[in-house]
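Working notes, beginning with the structure itself.
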Amino acid sequence: MNTTKPKTFFQMTPAERDADVRRYDKGVDFAKTRPLSAKGRLLWERAKRGRPAKPPGEKSSRVLITLEPALLKQADRLARSQGLSRSELIARGIRSVIAATGAM
């Protein structure tokens, strides 16, 4: 049994790199592939969605917030069930509170 780790791309010689890259020139034989797993489908759908829509020219800001672990777990579960990112769920929550209080 061979237990040596394969070389990383950057550890290969130029000839080894060329040979490794040539594998991808052949394209994909879809007969040899399998359907995505449930997790793979979820990740694919999330990647296709991209970032949440925002008004043109408006930038997003990163913020650090502190939440109780149980609340964060509930938020993540709700976001996942709604097909949202954690950020989008939090943004929707803040918009709802602002709308409910009539602020701004």
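Every read-out reported here was derived from the displayed coordinates using simple, explicitly stated rules and does not represent laboratory data. Source: prediction; values computed, not measured. Reconstructed Cβ throughout: ideal geometry from the backbone, glycine too, with neighbour counts over all protein chains shown.
For Ser37 and Thr3 in one chain, what is 0.36 nm times their gap in residues minus the Cα-Cα distance, to one decimal in nm?
The span from Ser37 to Thr3 would gain 9.4 nm if fully extended.
Sum -39500 (n - 2.57) across every DSSP H segment of at least 4 residues in the chain, then divide by the residue count to get the 222 nm mean residue ellipticity, nearest 500. Write out the running numbers ahead of the final one.
Values: 4 runs with 54 residues, N = 104.
Calculated at 222 nm, the ellipticity per residue is -16500 deg cm²/dmol.
Work through the residues other than Ala38 whose Cβ is under 14 Å from its Cβ and net out their charges, Lys, Arg +1 and Asp, Glu -1.
+4
Can you tell me the alpha carbon radius of gyration of the chain divided by the globular rule-of-thumb value 2.2 N^0.38 Å? Don't skip to the answer; put the middle values down first.
Working: Rg = 22.4 Å, N = 104, 2.2 N^0.38 = 12.8 Å.
Scaled against compact globular proteins, the figure is 1.75.
Taking other Cβ within 10 Å of each residue's Cβ, how do Arg46, Arg23 sort, fewest first?
Numbers: Arg46 13, Arg23 7.
Result, fewest neighbours first: Arg23, Arg46.
Can you tell me the orientation of helix 69-82 relative to the chain, as the angle in degrees between its alpha-carbon axis and the longest Cα principal axis, to the nearest 10?
80 degrees
Determine the dipole magnitude for region 28-85: charges of +1 sit on the beta-carbon of Lys and Arg, -1 on that of Asp and Glu, nothing else is charged, the reference point is the Cα centre, and the result goes in debye to the nearest 20.
Charge dipole, region 28-85, about its Cα centre: 160 debye, nearest 20.
Could you tell me whether region 40-86 comes out rounded, prolate or oblate from its Cα gyration tensor? Rule is a ≥ b ≥ c as square roots of the eigenvalues, rounded for a/c under 1.5, then prolate if a/b exceeds b/c, otherwise oblate.
oblate
Which net charge results when you count Lys and Arg as +1 and Asp and Glu as -1 among the other residues whose beta-carbon is under 14 Å from that of Ala79?
+4
For Arg95 and Lys26, what does the FRET efficiency come to when R0 = 35 Å and r is the distance between their Cβ atoms, rounded to the nearest 0.05?
0.10
Set Lys and Arg Cβ to +1 and Asp and Glu Cβ to -1, take the dipole of region 1-80 about its Cα centre, and tell me which of Thr8, Val63, Leu78 lies farthest positive.
The residue sitting most towards the positive pole is Leu78.
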